[in-house]
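The structure appears below as structure tokens.
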Amino acid sequence: MPTFDNVMRTIYNIFVVALLSVCALGCGVINEDAMPSHEKTTLVRVGEAAPDFTIKMLDGKSLTLSQLQGRTVLLVFFASWCPDCHSQLKALRDMQDRFDSEKFAILAISRGEKIEVVRDFVSQCGYTFPVGVDSDSQIYSLYATEYVPRCFVIDPLGRIVALSTEYKSEEFELLCNVISSLM
């Protein structure tokens, strides 16, 4: 028969394990809430009008997003230092000829970098799609607060119809399917 001390020790151990478990679960919830999710940091949603902006392009011209109305636009925010962005931009290069340029436009925008850095990066990588530079992240801040790359598919009427954060080839293929369906 167990002694009183053994029973109390067992109850104590169960209590400590239960308390530690509750604390661990609580800490997990606190940490998840403290870390911004991609959804929390996205400021625009599918179905909303894409915020209009004017950006300076690497070729020295300015482009206003609404000038592209009537075409499906793949808007991509990136940074030259970001490994996922490199993969995303390579995929863009590969898809450039996939869609009719009269109905489709790629607009890649560097977030928070100097124009010289972006120009050198684009030149070294051989990208030929249009690239704009958002040095102070003002345009980016219309769409999101954190994370690159970010993609927004904008329909010919100027509405966001799909979006993604970070680069995953499967997700990118889904974006391509959305673009195909709009053409």
Query raised in the report: at pLDDT 95 or above, open to solvent by 10 Å² or more (accessible area, probe 1.4 Å), over 19 Å from Gly70 (Cα atoms) and not in a helix (DSSP H, G or I), is that true of Val148?
Result: no
Requested in this report: Go through the stretch 103-160 residue by residue and tally those that are among the charged types (D, E, K, R) and closer than 11 Å to Val76 by Cα.
Outcome: 2
**Report entry** Filter result (open to solvent by 10 Å² or more (accessible area, probe 1.4 Å) and touching a residue at least 60 places away in the same chain (Cβ under 8 Å)) within the stretch 108-130
**Finding:** Arg119, Val122, Pro130
Report summary line: Considering residues that are among the hydroxyl-bearing types (Ser, Thr, Tyr), farther than 11 Å from Val148 by Cβ and surrounded by 15 or more Cβ atoms within 10 Å (Cβ to Cβ), the number found within the stretch 46-86 is 1
Query raised in the report: Does Ser101 meet the test of being free of Cβ contacts under 8 Å to residues at least 40 places away in the same chain and open to solvent by 40 Å² or more (accessible area, probe 1.4 Å)?
Result: yes
Requested in this report: Keeping to the stretch 80-136, report how many residues are part of a loop (DSSP other than H, G, I, E, B), modelled with pLDDT of 90 or more and under 21 Å from the mean Cα position of the chain (by Cα).
Outcome: 11
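The values are calculated or read from the model by the stated rules, or taken from the named source; none is laboratory data. Everything numeric in this text was worked out from a predicted model, so none of it was measured. Note that we place each Cβ from the backbone using ideal geometry, even for glycine, and neighbour counts take in every protein chain shown. We work out accessible area using only protein heavy atoms, side chains counted, and drop any ligands, DNA or RNA first. Shrake-Rupley method; radii C 1.70, N 1.55, O 1.52, S 1.80 Å.
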